[in-house]
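Have a look at the structure below before the remarks.
Readers should treat all values here as calculations from the given coordinates under stated rules, not as data from a laboratory. From a predicted model like this one, the values you see are computed outputs, not experimental measurements. Please note: Cβ atoms are built from the backbone with ideal geometry, for glycine as well, and neighbour counts cover all protein chains shown.
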Amino acid sequence: MNTKNLTSEILDKDTKTEKHKIQFFENQWIFLILLGLILIFALVTPPGSFFSFRNLQNITLDASTILIIGSGMTLLLIAKGIDLSTGSMAIFSAIAAATIMVQLAGTPDEVAQFQYPHLGIALAAGIIVGIAMGALWGAVNGLLVVKSKVPPFIATLGTMGIALGLAQVWTGGINVQHVPLPFQSEFGLGKMAGLIPWPVVVAIVIAAFFWILLAYTKFGLHTYAIGANVEAARRVGINTERHICILYTIVGALCGVVGILDVARFNTASVASHTNTPLSVISAIIIGGTSMHGGRGRISGTIIGALIQAVLLNGFIVMGVTPFWQNVAVGVVLLVAVQIDQIRRRSN
Amino acid sequence: MINSASEQSIPVLEVKAVQRSFGHVRALDCANLKVMPGEIHALLGDNGAGKSTMIKIISGVLAAQGGQVLLDGQEVHFKSPHEARMRGIETVYQDLALAHTLNAGENIFLGSEIMTRGLLGKLGFIDREEMSRQAAETLSSLGINLPAGSGCVGTLSGGQMQAVAIARAIKWGRRLLILDEPTAALGAKQRELILQMIEHIRDARKLTVLLISHNLPDVFRVADKVTVLRLGQDVLTSPIEGLTTDSLMRAMTGANEICTDKKGGAH
């Protein structure tokens with residue numbers, strides 16, 4: 001026993017002990033930045049403009065798109081994947097969903113006169129088809145990455161162009177008209193209990209689901225393991241290809257959800273939206289502390305990253321500063337976050 | 001030194017006349033190996049002798065193209081490493097195959113997680129506390145006490161990482177533990193610790209160990225028996241007693257082929 005204690009001391013001596021301080025800092029700093037931004041905007045804007053319940057609704061509504069896609073994409077980045085086609089998948093899904101809704105709600109004449117004899121079935125079918133289309137594109141991404149071994153960056157760059165292009169061909173570049181109005185008035189602009197906008201509720205439910213999935217389940221653990229060491233995961237019997245494929249499909253399905261929320265909010269589907277979405281989502285996740293190198297990350301970080309972007313956009317608008325500064329500010333925060341990631345990796 | 005020689009005479013593992021080629025290269029050409037229960041059996045050989053191919057066949061990574069692999073006297077044909085693991089064969093490769101951002105418990109139970117009791121467990125929830133507790137137990141039985149709350153294994157020393165990989169292997173390995181150059185990347189003190197750990201695994205856990213090495217001092221330090229591979233064939237199998245560094249070197253390099261026949265005298 002004596003020798004054992006001795007030898008374990010030999011090993012323990014090599015362990016780095018200053019980890020805890022660094023960890024506290026790296027987990028909290030981004031939250032402090034969010035609080036700082038809110039404080040600054042609250043101070044420099046007229047009372048009751050930025051820091052009001054109504055504006056809080058706007059901010060969370062702005063953050064919901066990034067948060068919904070970001071919830072799935074956080075898992076994908078942790079597993080060392082990436083998806084650039086999210087914006088195109090959302091557009092394609094929105095157009096599919098809107099078209100189905102318009103076609104099924106009634107005859108063209110009825111719909112043009114705001115009469116929807118088959119409203120329920122039209123909305124249900126539109127929602128299902130929209131999410132299914134997103135999932136289908138996601139599955140294509142997954143299969144390209146897993147089976148054809150195309151690097152994720154290139155594979156999703158390809159589908160980004162294809163999905164957007166097909167959406168343009170489909171619509172001829174024209175917005176889908178005559179989406180049933182109640183979908184917007186009751187859901188897209190509606191609020192749960194008159195307080196929380198429905199799209200925000202959807203985002204909260206989705207983020208909570210993926211938070212739990214990532215932090216507490218076998219699926220989450222396997223996601224981390226695949227990102228940290230895909231070969232190790234394979235050797236212990238994890239079906240890594242299937243897992244990665246599922247992650248891409250999830251991201252696609254979430255883009256479908258965003259597409260449907262777009263239809264609900266704007267009462268139309270447009271091919272000229274979401275140009276910034278893929279990079280905004282990835283920025284939010286990286287700002288939230290998820291590593292581009294895989295194996296590390298949290299949904300809580302992504303929530304904060306999404307809120308930082310929304311606060312910056314909203315704050316500049318309320319201040320009357322051109323929102324173009326939002327791009328600058330997000331870029332700066334992103335670079336700082338990546339720098340922190342590098343320092344953290346080196347310290348390991 | 002061989003604990004259970006009296007108990008049984010069926011080898012834990014027997015490899016009979018196994019062949020494997022890669023294109024025109026014959027990696028294994030009629031190679032044999034017999035590992036008896038409870039022994040530390042060293043598999044020696046120069047680079048390219050076929051050691052890696054041999055353990056890959058035993059652990060289900062590669063399929064043999066001829067010959068037989070017998071586990072406890074039964075012929076086996078593993079189609080995947082997972083199948084080999086299910087039969088109680090665990091392999092610790094040189095790269096350790098650890099997920100550096102997971103902690104010791106998560107690594108040890110990866111792929112065989114402990115689920116939460118009840119409904120949540122059926123929904124896929126894992127019991128991290130129980131995994132950490134059992135991992136600490138296994139590690140401390142090997143003489144390793146990781147500092148409480150130590151995080152991901154990426155922050156551990158080389159010896160500690162090796163220990164975690166070995167702990168994972170003995171947690172699941174019921175029949176045979178294959179260690180691929182376990183001391184290759186370690187300093188003197190940590191090397192001694194790992195060697196003690198291997199002896200402990202044989203003595204306390206009664207687990208059979210196949211030790212791949214080309215470090216002769218290590219082999220003399222812990223092995224009970226030695227098999228030497230050269231150019232895809234086994235050229236020497238012998239208890240370690242009576243062997244010398246010189247005789248092993250001769251077998252590995254083929255210097256004594258002229259004066260002795262294939263499995264001839266080691267002396």
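Largest first and in whole Å, the equivalent-ellipsoid semi-axes of segment A:209-319 read 30, 18, 12, each the square root of five times a Cα gyration tensor eigenvalue.
For residue A:269, the residues 5 or more places off, or on other chains, whose built amide H falls under 5 Å of its own are A:176.
Could you tell me which of the pairs A:80/B:79; A:147/B:56; B:171/B:206; B:79/B:122; A:147/B:122 are separated by over 19 angstrom between their Cα atoms in the structure shown?
Details: A:80/B:79 28 Å; A:147/B:56 24 Å; B:171/B:206 13 Å; B:79/B:122 29 Å; A:147/B:122 30 Å.
In this structure, A:80/B:79; A:147/B:56; B:79/B:122; A:147/B:122 lie more than 19 Å apart at Cα.
Rg and Dmax of the protein assembly as shown, based on Cα coordinates, read 30.3, 103 Å. From the residues B:48, A:64, A:289, which one has its Cα farthest along the dipole of the protein assembly as shown in the positive direction, the dipole being from +1 and -1 charges on Cβ of Lys/Arg and Asp/Glu about the Cα centre? The residue sitting farthest along the positive end of the dipole is B:48.
Of A:248, A:224, how do they rank once you tally other Cβ atoms within 10 Å and put the fewest first?
Working: A:248 31, A:224 25.
Exposure proxy ranking, most exposed first: A:224, A:248.
Rounded to the nearest 500, the helix-only mean residue ellipticity at 222 nm of chain B stands at -9000 deg cm²/dmol, with each DSSP H run of n ≥ 4 adding -39,500 (n - 2.57). Relative to the dominant Cα principal axis of chain A, helix A:198-216 is inclined by about 30°. Helix A:53-78 and the longest principal axis of the C-alpha atoms of chain A enclose an angle of approximately 60°. Within a straight-line Cα-Cα reach of under 18 Å, residue A:218 can be paired with the following aspartates and glutamates, leaving aside sequence neighbours fewer than 8 residues apart in one chain: A:231, A:241, B:106, B:113, B:127, B:129, B:130. Computed about the Cα centre, the dipole magnitude for the protein assembly as shown is approximately 220 debye when only Lys and Arg (+1) and Asp and Glu (-1) carry charge, each at its Cβ.
For chain B, the residue among B:236, B:204, B:136 whose Cα projects farthest onto the positive side of the dipole built from Cβ charges is B:136. Peptides B:98-104, B:195-201, A:37-43 ranked from most to least packed give B:98-104, B:195-201, A:37-43, packing being the mean of other C-beta atoms within 10 angstrom over each peptide's residues.
Magnitude of the Cβ-charge dipole of segment A:246-348, K/R +1 and D/E -1, about the Cα centre, nearest 20 debye?
Numbers: 6 positive and 2 negative charges, 76 e Å.
Charge dipole, segment A:246-348, about its Cα centre: 360 debye, nearest 20.
Counted as membrane-span-like here are DSSP H helices of chain B whose alpha-carbon atoms extend 18 Å or more along the helix's own axis and whose Kyte-Doolittle mean is -0.5 or above; these are B:158-172. Here r is the Cβ-Cβ distance between residue A:114 and residue A:231 and R0 is 60 Å; the resulting FRET efficiency, rounded to 0.05, is 0.55. In segment A:51-272, a dipole from Cβ-located charges (positive for Lys and Arg, negative for Asp and Glu) runs towards its positive end, and of A:161, A:92, A:244 it is A:244 whose Cα lies farthest in that direction.
Taking beta carbons within 10 Å but only from partner chains, what does the mean come to for residues A:221-233? Show your work: numbers first, answer last.
Values: counts 11, 5, 0, 6, 8, 1, 2, 11, 10, 1, 4, 12, 4.
The shielding value for this peptide is 6.
With r as the distance between the Cβ atoms of residue B:206 and residue A:196 and R0 = 35 Å, compute the FRET efficiency 1/(1 + (r/R0)^6) and round to 0.05. All intermediate terms of the calculation are to be shown ahead of the outcome.
Details: r = 62 Å, r/R0 = 1.77.
The pair residue A:196/residue B:206 has a calculated efficiency of 0.05.
Within 10 Å of each Cβ in B:136-142, how many Cβ atoms from other chains are there, averaged over the peptide? Present the calculation step by step, with values, prior to reporting the outcome.
Working: counts 0, 0, 0, 1, 2, 1, 3.
Mean partner-chain Cβ count within 10 Å for B:136-142: 1.
By the compact-protein rule of thumb, 2.2 N^0.38 Å, the alpha-carbon radius of gyration of segment A:73-154 corresponds to a ratio of 1.44.
Taking amide H positions as modeled 1.01 Å from N, with prolines and chain starts lacking one, the residues under 5 Å from residue A:191 and 5 or more places away or on another chain are A:198. Can you give the charge dipole size of segment A:51-272 about its Cα centre, rounded to the nearest 20 debye, using +1 on the beta carbon of Lys and Arg and -1 on the beta carbon of Asp and Glu? The calculated dipole for segment A:51-272 is roughly 720 debye. Under 19 Å from a point placed 7 Å out from the Cα of residue A:168 along the Cα-to-Cβ direction: which residues of segment A:77-111 have their backbone N that close? Zone members listed by number: A:84-96. Evaluate E = 1/(1 + (r/R0)^6) for residue B:140 and residue B:83, where r is the Cβ-Cβ distance and R0 equals 25 Å; express this FRET efficiency to the nearest 0.05. Efficiency for this residue pair is about 0.20. Orientation-averaged projection of segment A:51-272 equals 13.5 nm² [convex hull of Cα atoms, one quarter of hull surface area]. For the peptide B:125-131, the mean number of other protein chain Cβ atoms found within 10 angstrom of a residue's Cβ is 3. How about residue A:191: which aspartates and glutamates have a C-alpha closer than 17 Å to its C-alpha, ignoring those fewer than 8 places off in the same chain? Cα-Cα hits under 17 Å: A:62, A:262. For the pair residue A:327 and residue B:32, label points projected 7 Å from Cα toward Cβ lie 7.5 nm apart. A straight line joining the Cα centroids of segment B:142-211 and segment A:268-282 runs 51 Å. One equal scatterer on each Cα of chain B, no solvent, Debye formula: the resulting log10 I(q)/I(0) at q = 0.08, 0.14, 0.15 Å⁻¹ is -0.34, -0.98, -1.11. Using only the alpha carbons of segment A:195-250, what is the convex hull's orientation-averaged projected area in square nanometres? That works out to 4.4 nm², a quarter of the Cα hull's surface. This ranking places A:321, A:330 by how few other beta-carbon atoms lie within 10 Å of each, fewest first, which gives A:321, A:330.
Give the aspartates and glutamates whose C-alpha is closer than 12 Å to that of residue B:16, dropping any in the same chain fewer than 8 places away, or say none. Residue B:16 reaches B:29, B:75, B:234. Counting only alpha carbon atoms, the long axis of helix A:2-13 and the longest principal axis of chain A meet at about 50°.
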